[in-house]
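The values are calculated or read from the model by the stated rules, or taken from the named source; none is laboratory data. Predicted model, so just to flag it, every value in this text is computed and none were measured. Glycine gets a Cβ as well: all are built from the backbone with ideal geometry, and neighbour counts include every protein chain shown.
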Amino acid sequence: MAPKKNDVYPLRMENYGSAGEGVARLEGQAVFVKGALAGELCQVQLLKVGKTAAWGRVSEVLEPSPYRQAPDCPNYPRCGGCQLRHMTYTEELRFKKQKVQEALTRLGGWKGRVSAIHGAKDPDRYRNKVQFPVAAGTETAPGPRVGFFRARSHDVIDAPDCLLQPLQATRLRQAFKDWMVRYDVPAYDEGAHTGLIRHFYVRVNRAGESLCAVVANGRALPEGDILIESLRRAEPGLAGVVLSVNTEKTNVILGKEHILLWGRDYLEDTLCGLDFRLSVPSFYQVNRDQAEVLYGRALDFAGLTGTETVLDLYCGIGTITLVMARHAGKAYGAEVVPAAIEDARANAARNGVGNTEFLCGDAGQAARTLADRGVRPDVVCVDPPRKGLAPEVIETIAAMGPKRVVYVSCDPATLARDVKRFAQRGYRLERAEAADLFPRSFHVETVCLLTHS
């Protein structure tokens, strides 16, 4: 009889899927089992059976892996922020390196080996930015919920603490929730588009200073002065409080207008020996220490000697551009977000890095603009969003003829696809390393060096 939903089978996990789930075989089909570890024998209840694959859950671990551990967070696995707290960090790094290797081999056609994965010194408390969604209470749990979304939903779990976030965020969140309870401040209802408080945001710098933003469906807060006093008492290192006005029917977290309520509306932080000014909407890697490792590897792959011209596409606020510029003759950065380009130019001036130029436009447009000006970069660095590079961007880069392309990726699958496309244009993948910027989740960063053959 063919397997069907709710059937239970003892299955041996042979490997991992891309999201860290165990993978077994049943009747010639792959079965993806959330919460199972490679090598384990588990009783698995099937939740969904498709034509080519099935999905199940662990009902009992019959033979546990030596890398299984008891999750150390009371929110796990209900919260969607972590997926791997049931495995040791050693096994997590093995899984992530294997994930990158399999993508580059199977999807990218690469015959080389991922030479390293750079793990975090501490896989906890690494996030320097936290965005708490806010929702009304329920009959069984009255009062506002300030925490995180349940996995694959917009149902908010009230979370007094999170092991990924700094303790400053934990203290500020509690003071914020107490204010909402005391003054009966209504949470936003995204279905009805009513209520006031949508999110509570905290950013923390290396020095321990914090910046808060209240994301609201309105332009004023009830008893706002008392909220500021409460936040300042909870966290003496608080630098500022901002109101982010978001009155639109959207899943975008921050609004387009930011009103300073107290203090200053930015933090200053250091990354790779450079100083950056960070406003509420500024993009910045949430794991500062591991970002330094990743950018250091990208710089090494670029092989700069001080005379080269570098083009950094998807430059954001200019972090990689400035890191490269200190070792190059000239560095260009391109980004489609105007505010990010303004930040990048200001960051270059702040650090006295004068051999940079920043262009506002999408990656393909910026590359074509420079090509029309006769700029021929020796090195092109790309750090695209999860969807990777559009085919026309790859074509434009190849037409510029750089000797090296340094590709920083947050998605091994789209990276592998693009590696294959670059190969069709004469670029060979020479080196690849992984870096764990998001411990306890299934996400992993990769840096690759492609050279023209």
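Observations on the structure shown:
- Residue, farthest from the chain's Cα centre (by Cα), within segment 159-195, restricted to residues that are within 24 Å of Lys249 (Cα to Cα) and surrounded by fewer than 19 Cβ atoms within 10 Å (Cβ to Cβ): Asp184
- Some residue of segment 6-17 being under 22 Å from the mean Cα position of the chain (by Cα) and not β-branched (Val, Ile, Thr): yes
- Annotation: of all residues in segment 400-437 being buried (at least 21 other Cβ atoms within 10 Å of the Cβ) and of a type in the set (Val, Ile, Thr), the one that is nearest to the chain's Cα centre (by Cα) is Val408.
- If you go through segment 399-414 and keep only what is touching a strand residue (DSSP E or B) at 6+ places or on another chain (Cβ under 7 Å) and without any contact (Cβ under 8 Å) to a residue 40 or more places away in the chain, you end up with Ser409, Cys410.
- Filter result for Val8 (in contact with a Cys (Cβ under 6 Å, 6 or more places away or on another chain) and over 15 Å from Arg440 (Cβ atoms)): no
- Within segment 67-112, if we keep just the residues that are without any contact (Cβ under 8 Å) to a residue 60 or more places away in the chain and exposed (fewer than 15 other Cβ atoms within 10 Å of the Cβ), the residue that is nearest to Pro412 (Cα to Cα) turns out to be Lys111.
- Ile397 passes every criterion in (1) within 21 Å of the chain's Cα centre (by Cα); (2) crowded, with 23+ Cβ neighbours inside 10 Å; (3) within 23 Å of Thr305 (Cβ to Cβ) apart from (1).
- Of the set (1) in contact (Cβ under 8 Å) with a residue 12 or more places away in the chain; (2) surrounded by fewer than 16 Cβ atoms within 10 Å (Cβ to Cβ); (3) under 24 Å from the mean Cα position of the chain (by Cα), all apply to Leu47 but (3).
- From Ala371, Ala390, Ala348, Ala367, residue being among the hydrophobic types (A, V, I, L, M, F, W, C) and either farther than 21 Å from His452 by Cβ or in contact with a Phe, Trp or Tyr (Cβ under 8 Å, 6 or more places away or on another chain) (or both): Ala348
- Any pair with Cβ under 6 angstrom, 6 or more apart, that starts in segment 437-448 at a residue that is touching a residue at least 12 places away in the same chain (Cβ under 8 Å) and ends at one that is among the small types (Gly, Ala, Ser) and in a strand (DSSP E or B): Val444/Ala434; Glu445/Ala435; Thr446/Ser409; Thr446/Ala434; Cys448/Ala432
- Condition check for Val44: closer than 28 Å to Leu164 by Cβ, hydrophobic (A, V, I, L, M, F, W, C) and at pLDDT 95 or above: no
- Search result, residues across segment 125-158 that are of a type in the set (Val, Ile, Thr) and under 15 Å from Ile253 (Cα atoms): Val130, Val134, Val146, Val156
- Single residue of segment 273-292 satisfying the filter (among the hydrophobic types (A, V, I, L, M, F, W, C) and surrounded by fewer than 18 Cβ atoms within 10 Å (Cβ to Cβ)) that is nearest to Pro123 (Cα to Cα): Val286
Results for (1) under 24 Å from the mean Cα position of the chain (by Cα); (2) of a type outside the set (Ser, Thr, Tyr); (3) farther than 28 Å from Ala213 by Cβ, shown as yes or no for each residue.
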position	(1), (2), (3)
Tyr284	yes, no, no
Ala298	yes, yes, yes
Gly306	no, yes, yes
Gly329	no, yes, yes
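- Of all residues in segment 201-239 being exposed (fewer than 14 other Cβ atoms within 10 Å of the Cβ) and of a type in the set (Asp, Glu), the one that is nearest to Glu190 (Cα to Cα): Glu223
- Restricted to segment 287-393, the set of strands (runs of 3 or more DSSP E) holding at least 3 residues that are of a type in the set (A, V, I, L, M, F, W, C) and either assigned by TED's automatic domain parsing to the domain that holds Asp411 or closer than 19 Å to Val447 by Cα (or both) comprises 309-313, 356-360, 379-382.
- Under the condition of being surrounded by fewer than 22 Cβ atoms within 10 Å (Cβ to Cβ) and either touching a Cys at 6+ places or on another chain (Cβ under 7 Å) or not in a strand (DSSP E or B) (or both), the residues counted in segment 241-250 number 5.
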